[in-house]
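Notes to accompany the following structure.
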Amino acid sequence: MDNAVRRRLDSQFAAARSLNPEKVVPINERYKYTIEDVGLGDFIRLNSKTYVVKEIGVYRETDEDFKKKTGDLWTELKLFCIEDGESIHIEWEKDDEVEAFVTEKTLDFTQIKDDRGDDLDEDDLDDLAEEEDTIFLDKTPFEYDDDYAALYEREGKSPEKVYFYDFASRDKKMITIEEWGSGGGREEYQLFLSRQINPDSIELVAKS
């Protein structure tokens, strides 16, 4: 067994052992809890898998200078699966109702194209947003949805600047391009494909 496999298995066993039997929510009472009640260290069920919440962060939307907060915010849950050792992210926000997205996979710029099939990179982002262009992943169109600035806040950490570019498909999937350290001259980019899920599909199994 190589070290990577051993570390993953050790992490799975450690996560499973952290579940306190006394904190398990009775099955007939789980309907009382929603994704809004999920906290750090809690256990949830999604798609027949059990996850522990390893980290929670909050994004607060701002103006383009990252100075004035607009009041809009959304929450990110970083989850670790005790069955397979995989990590996923769920983001949720509440406007009139709760909307939630789960990350399917990470992407890179080589995988997204413009309408002529040409490659795209970070230098194209402002033009894509200004012209509200469509991008393509595996020939599936993702239409421009929005772009905006936000501060990412975690307990015990200084807020981080991030600028978002969102592109949506007709089947409720989303490509999000995140520009971290925006405006600092040393930006880093992360690309994700996510899909919308029913918030009620998340079941709170145990509190921390």
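Choose one of Phe80, Gln12, Thr62: the residue whose Cα lies farthest towards the positive end of the charge dipole of region 1-127 (beta-carbon charges +1 Lys, Arg; -1 Asp, Glu; about the Cα centre). The listed residue farthest towards the positive side: Gln12. Under the criterion of Cα pairs below 8 Å and six or more residues apart, the relative contact order for the chain equals 25 percent. When only the Cβ of Lys, Arg, Asp and Glu is charged (+1, +1, -1, -1), the dipole of region 1-57 relative to its Cα centre reaches about 220 debye.
By a 1.4 Å probe calculation restricted to protein chains, Val52 has an accessible surface near 10 Å², given to the nearest 10. For region 12-142, the share of accessible area belonging to carbon and sulfur comes to 42 percent (1.4 Å probe, ligands and nucleic acids excluded). Computed over the chain, the per-residue total of -39500 (n - 2.57) for DSSP H runs of n ≥ 4 gives a 222 nm mean residue ellipticity of -3000 deg cm²/dmol, rounded to 500. The alpha carbon convex hull volume per residue for region 96-141 rounds to 120 Å³. Measuring between alpha carbons in the structure, the pairs from Lys54/Lys105; Lys23/Lys49; Lys69/Lys105; Lys67/Lys173 lying more than 23 angstrom apart are Lys69/Lys105; Lys67/Lys173.
Between region 67-131 and region 168-189, the alpha-carbon centres lie 6 Å apart. Across the options Ser182, Ala129, Pro159, the greatest Cα extent toward the positive end of the charge dipole of region 106-197 (unit charges at beta carbon of Lys, Arg, Asp, Glu) belongs to Pro159.
Taking only the Cα atoms of region 106-197, the ratio Rg/Rh comes out at 0.98, with Rh defined as the Kirkwood radius.
A viscosity of 1.567 mPa s and a temperature of 4 °C, combined with the Kirkwood radius over C-alpha pairs in the Stokes-Einstein formula, give the chain a diffusion coefficient of 69 µm²/s. Per residue, region 93-166 exposes an accessible area of 64 Å² to a 1.4 Å probe, with every protein chain left in place. Result for the chain in a Gaussian network model with C-alpha springs under 10 Å: among Gln196, Gln12, Gln111, the largest mean-square fluctuation is at Gln111. Across the protein chains, with a 1.4 Å probe defining accessible surface, the residues Lys207, Lys139 rank Lys139, Lys207 from largest area downward.
The values are calculated or read from the model by the stated rules, or taken from the named source; none is laboratory data. Bear in mind the structure is a predicted one, so any value in this text is a computation, not a measurement. For neighbour counting, all protein chains shown are included, and Cβ atoms are generated from backbone atoms with ideal geometry for every residue, glycine included. Surface accessibility is based on the protein's heavy atoms, side chains included, excluding ligands, DNA and RNA. Shrake-Rupley method; radii C 1.70, N 1.55, O 1.52, S 1.80 Å.
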